[in-house]
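Q: Handing you a structure now.
The values are calculated or read from the model by the stated rules, or taken from the named source; none is laboratory data. Just so we're clear, the structure is a prediction, and the values are computed from it rather than from any experiment. For neighbour counting, all protein chains shown are included, and Cβ atoms are generated from backbone atoms with ideal geometry for every residue, glycine included.
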Amino acid sequence: MYKYFLLILLLSFFKANAQEVEIRSLKTYIDDPAIEQDEITFPVLVYDAELNPNLKISFDVNSEFEPRLSIVFRFCDKNWKPYTNLMLTNSGENILPYLNFTLLPSTIEDAKYHYDGTFPDADGYITLPFSGKWQYYITESNDTSVIYASGKFLVVRDPLEMRTSIKREILETQVLFPADLAKVFNLSVELTLPEDLFPFYVENAEIIENHKILYPFKVSKGDNNDFRQFYWDGSRRFRFTSKEIKPGNEYRQTDLRNTNIYSRKTVKAQFEGPETSRFFQEGRRDLNGASILMPYDDEYADYLNVEFNLRAPSDFNKDVLVTGAFNNWVLDPAYRLGNSGGFYTGVLNMKRGIYDYQYVAANVTNNKISEIDWVILEGNNWTTQNVYHVFIYYADPNLGGYDRIIGYSTIMSK
C-alpha cells in the first residue's frame, strides 16, 4: 500500500512539473556589430583567415513558469538530415544546457520569457567545426528528445573563390500567358578545384533566394536540360547553371510597430483594407524576406492577432497560402487562407515588428501541397532586387563521408 501511494505521489509530482512551453518569434541570424539591423542577415557563418562570425538565436517563451530548456546542435547532410556518425555528431560540444531567460515586461501577452544566445558560446559548450548544413533544437533540459522548436543555418569554412554571374532571359521552350511569366534569371557559378580536392566528389550547386532556405534551386552533376546545366572540363573546372529562376516581385510588407494605428489586439495586415493581385504592379523595396521585431524589453512589444485579407482575381480558382518572415518562409497547410467567394482570409498571432510576406497559389488536398506558384498573385519583374546565396557541395570522403560546403558566394539580381 505504501509503495502504491508513493507511486501516485511521484506521478503527481512529475505531472505538476511537466512543462507546457510554446516558443514564439524564433529568429536565427548573424551577430554582426557592423550592421545596424543585423537581424535581417541570412544565417550563414563564413569562416576564413579574417572572419570569425557568431550566430545569434533569439526567441520568446510562453510558459507559466520559467522553463528548463536546452539547445542541441546537429550537423546535417545536404537534405537537412542529421548525421548519426559519431565522428560528425560533435559530441560534448553540441549541447547548451539550462538556458538563462529574461522576464518580459508585464504588458506582454502570449509570452512571458525571452532568450538571446550567441554561438559558438564563450564557455565552450558549443563549437561548429564542420562546413555544411546545421540544425538546432530547443529541447527539454532533462529529456532532449522533447523538442519544442528548431532552426536552420549553414557554416562555410575557407570557401573557394567562385565566379558568379546573373543575366536576364526569356523562356522560349513554352508559351506562357501573361508574357511576364516567361521572364527568368540565368544564374551561373564557375570554380576551379584546388589540388587537394578530387573532381569526382564535387556534387551539386544550391541557390537560395533571399531567406527561402527550404526552397533552393539545385543543379546536380550530370544535369543537362533546358533549365539546369552542368559542365566539367574533365580536369578541375566546373560550371553550374540554373535557367529556371523567376525573379518574382518585391515582397509585401506589414509594419505593426505603430501603436496608434495598430492599437487593438486584432488588426489587419494592411490598414488600408483588403489586398489584391500585384501581378502588374511593381512592389516597393523590402527586407529581402527578413523581419525586424520590436525590442523584447519594450513594453509595447506585444503580440497581435493579424488578419490577412486577399481579394483574388475573378478567374482565380486555386488555394492561397500566406508565408513570410513570420514562419521562415515555410509553405504549410496550416497557413492556408479560408476562401469565401474569392475573398481569402486568415489570422496569425504575431509580435509587433516589420515582416516581409507574400501570397502563394497552390492546391492543398489532404494536407498536401501541390502545383505551387510563387508569382501568379505577386508578379514577375526583372527589376526585383533579390539576393542569391550560392553553395557548392562536395562529398568529402573524410570522417566517414559527409556533405561539405566548399564554395559560397552571393549575388544581387539588380
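Condition check ((1) in contact with a His (Cβ under 6 Å, 6 or more places away or on another chain); (2) surrounded by fewer than 18 Cβ atoms within 10 Å (Cβ to Cβ); (3) under 30 Å from Leu86 (Cα atoms)) across all residues:
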residue: Ile354; (1), (2), (3): no, no, no
residue: Trp374; (1), (2), (3): no, no, no
residue: Gly379; (1), (2), (3): no, no, no
residue: Gly401; (1), (2), (3): no, yes, yes
residue: Thr410; (1), (2), (3): yes, yes, no
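Q: Let me ask something additional. Just checking: which of the strands (runs of 3 or more DSSP E) contained wholly in the range 122-205 hold 2 or more residues that are more than 30 Å from Val72 (Cβ to Cβ) and not small (Gly, Ala, Ser)?
A: Because the criterion is at least 2 residues that are more than 30 Å from Val72 (Cβ to Cβ) and not small (Gly, Ala, Ser), the strands (runs of 3 or more DSSP E) in the range 122-205 that meet it are 162-170, 183-192.
Q: Could I ask something else about it? Give the residues of the range 122-155 that are surrounded by 21 or more Cβ atoms within 10 Å (Cβ to Cβ) and of a type in the set (Phe, Trp, Tyr), sorted by residue number.
A: Scanning the range 122-155 gives Phe130, Trp134, Tyr136, Phe153.
Q: Sticking with this one: For Thr345, all conditions in the list (1) closer than 19 Å to Asn249 by Cβ; (2) free of Cβ contacts under 8 Å to residues at least 40 places away in the same chain; (3) among the β-branched types (Val, Ile, Thr) hold save one; what is the number of the exception?
A: Result: Thr345 passes all but (1).
Q: In the range 20-71, which strands (runs of 3 or more DSSP E) lie fully inside it and hold 1 or more residues that are without any contact (Cβ under 8 Å) to a residue 40 or more places away in the chain?
A: The qualifying strands (runs of 3 or more DSSP E) are 22-31.
Q: Can you name the residue in the range 194-227 that is among the hydroxyl-bearing types (Ser, Thr, Tyr) and in contact (Cβ under 8 Å) with a residue 24 or more places away in the chain and, of all such residues, is surrounded by the most Cβ atoms within 10 Å (Cβ to Cβ)?
A: Step by step, filter the range 194-227, then rank; the result is Tyr201.
Q: Do we have any residue at all in the range 212-223 that's modelled with pLDDT under 95, more than 26 Å from the chain's Cα centre (by Cα) and in a strand (DSSP E or B)?
A: no
Q: Would you mind listing the strands (runs of 3 or more DSSP E) fully within the range 259-377 where at least 2 residues are of a type outside the set (Val, Ile, Thr), in contact with a helix residue (DSSP H, G or I) (Cβ under 8 Å, 6 or more places away or on another chain) and modelled with pLDDT of 95 or more?
A: Passing ranges, in order: 291-293, 343-351, 353-365.
Q: Tally time: how many residues in the range 82-105 are in a loop (DSSP other than H, G, I, E, B) and in contact (Cβ under 8 Å) with a residue 24 or more places away in the chain?
A: So in the range 82-105, the residues in a loop (DSSP other than H, G, I, E, B) come out as 83-85, 89-93, 97-101, 104-105.
Narrowing the set further to residues that are in contact (Cβ under 8 Å) with a residue 24 or more places away in the chain leaves 83, 85, 90, 93, 97-99, 101, 104-105.
Count: 10.
Q: For residues in the range 228-258 being in contact with a helix residue (DSSP H, G or I) (Cβ under 8 Å, 6 or more places away or on another chain) and assigned to a strand (DSSP E or B), which is surrounded by the most Cβ atoms within 10 Å (Cβ to Cβ)?
A: Phe238
Q: Given the condition among the small types (Gly, Ala, Ser) and farther than 19 Å from Phe153 by Cβ, answer yes or no: does some residue in the range 70-88 qualify?
A: Initial filter on the range 70-88 (among the small types (Gly, Ala, Ser)): 70.
Filter again for farther than 19 Å from Phe153 by Cβ, leaving none.
No; the residues of the range 70-88 include none that is among the small types (Gly, Ala, Ser) and farther than 19 Å from Phe153 by Cβ.
Q: Here is a further query. Looking at Arg168, is it touching a residue at least 60 places away in the same chain (Cβ under 8 Å), more than 24 Å from the chain's Cα centre (by Cα) and within 30 Å of Arg237 (Cα to Cα)?
A: Details: touching a residue at least 60 places away in the same chain (Cβ under 8 Å): yes; more than 24 Å from the chain's Cα centre (by Cα): yes; within 30 Å of Arg237 (Cα to Cα): yes.
Yes: the conditions hold for Arg168.
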